[in-house]
């Protein structure tokens, strides 16, 4: 028998989970998504889902690594500016137009970088160490056999593993894959994230506001964050606080992760927590942190659901602590914070309370950091005025002046 749905509206939070408990549950319920194949031109910054093994040698033929002349290396022994050794020019070898004959004794073939080295030649003398007059090439320096000749497989040997599962593909990786003739690349599928934005007071930017309306900012912020963390927006659904509409948006198939912005707390119109409890499992509701305490986390079938507070800063904070981890883990990326960090001195006391984790926005000055003076959960501009944030653990009452703390920088501060 399924557990009885819990309706917490107008009842408050009886107890709150810790941040570490919420993170632990999130990590345990994330699984890497299945593989998909994408064209090589779309593979940049995607995560490999299997090892890549070369089916060819690179290069696949002996080729020159210099502009010059292909010849028998031993025949240049003793050559110098004062004792040049002469060779008869037998032909040319260019990329895509090889010399088809065999080089005989005291013969040389003009050759360009990357061109096939003719049969019979075992070395390439650089052009700057030669002089050409008609069909005679005078060599003024000796070159040993094998010099300036790239043998088949010198770069990559057939059968060798060149890139491992889990690698985030860089531009040079794409070039390497192309050099092997690979057209389609096996990568981890990006998590499909559904964004449900609730609230009858919300209006899309560009539409004139009516009394008591505000512009929807959370959904646009969240779309940027989803993109940053390697997810793909499956669908954005903007709806009023109607229970049946929210239920339908939650149970519709197609998403790996659902983010609900707004209606996550215990108010009269906060339907999302009881609906998740009704159609799935609401595992966590209420977290001992500031801001973002009304955050909820659960599952509907295999889909993870994150109930994010409507206040913009709380929404950002809850996303970064929990939903971000899920998107990145399911996409086989590191769950580490995506912000650069600095160890810095506290100039003005950071205040917190034992038993609650604090996400404190700070400004960076020449002498250290200070908490932002205006830092309410509804003040989104505080995150643009801040240079970063400091996390104050549950067991701390804050940080006194002169403390050294880790600052997570919004930019490369």
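The values are calculated or read from the model by the stated rules, or taken from the named source; none is laboratory data. Predicted model only: the values in this text are computed from it and were never measured. So basically every Cβ, Gly included, is an ideal-geometry build from the backbone, and we count neighbours across all protein chains shown.
At a glance:
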item	result
Residue in the range 253-265 that is surrounded by fewer than 24 Cβ atoms within 10 Å (Cβ to Cβ), outside the structural domain of residue 353 (by TED's automatic domain parsing) and free of Cβ contacts under 8 Å to residues at least 40 places away in the same chain present	yes
Some residue of the range 301-314 being more than 24 Å from residue 22 (Cα to Cα), in contact with a strand residue (DSSP E or B) (Cβ under 8 Å, 6 or more places away or on another chain) and surrounded by fewer than 22 Cβ atoms within 10 Å (Cβ to Cβ)	no
Residues that are within 26 Å of residue 323 (Cβ to Cβ) and modelled with pLDDT of 90 or more, drawn from the range 171-200	187, 188, 189, 190, 191, 192, 193, 194, 195, 196, 197, 198
Subset of the range 97-145 that is touching a helix residue (DSSP H, G or I) at 6+ places or on another chain (Cβ under 7 Å) and touching a residue at least 60 places away in the same chain (Cβ under 8 Å) - its residue that is nearest to residue 56 (Cα to Cα)	145
Selection from the range 156-178 of residues that are in a loop (DSSP other than H, G, I, E, B) and either under 21 Å from the mean Cα position of the chain (by Cα) or surrounded by 14 or more Cβ atoms within 10 Å (Cβ to Cβ) (or both)	158, 164, 165, 166, 167, 169, 170
Entirely in the range 215-331, the helices (runs of 4 or more DSSP H) that have 2 or more residues that are within 27 Å of residue 409 (Cα to Cα)	218-228, 312-318, 324-330
Residue within the range 365-387 that is under 19 Å from residue 20 (Cβ atoms), in a strand (DSSP E or B) and outside the structural domain of residue 229 (by TED's automatic domain parsing) present	no
Hey, residue 58 within 42 Å of the chain's Cα centre (by Cα) and touching a residue at least 12 places away in the same chain (Cβ under 8 Å) or not	yes
Residue in the range 217-234 that is closer than 30 Å to residue 57 by Cα and either modelled with pLDDT under 95 or touching a strand residue (DSSP E or B) at 6+ places or on another chain (Cβ under 6 Å) (or both) present	no
Scope the range 26-48; condition assigned to a loop (DSSP other than H, G, I, E, B) and within 30 Å of residue 284 (Cα to Cα); matching residues	29, 30, 31, 32, 33, 34
Check on residue 320, surrounded by fewer than 22 Cβ atoms within 10 Å (Cβ to Cβ) and over 17 Å from residue 197 (Cα atoms)	yes
Every residue from the range 129-155 that is under 46 Å from the mean Cα position of the chain (by Cα) and outside any loop (DSSP other than H, G, I, E, B)	149, 150
Residue tally, condition within 33 Å of the chain's Cα centre (by Cα) and in a loop (DSSP other than H, G, I, E, B), over the range 332-351	8
Any hit, the range 290-298, residues being touching a residue at least 24 places away in the same chain (Cβ under 8 Å) and within 19 Å of residue 251 (Cβ to Cβ)	yes
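Matching residues to (1) surrounded by fewer than 18 Cβ atoms within 10 Å (Cβ to Cβ); (2) not assigned by TED's automatic domain parsing to the domain that holds residue 128; (3) not in a loop (DSSP other than H, G, I, E, B):
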position	(1), (2), (3)
50	yes, yes, no
70	no, no, yes
74	yes, no, yes
79	no, no, no
83	yes, no, no
86	yes, no, yes
91	yes, no, yes
99	no, no, no
105	yes, no, no
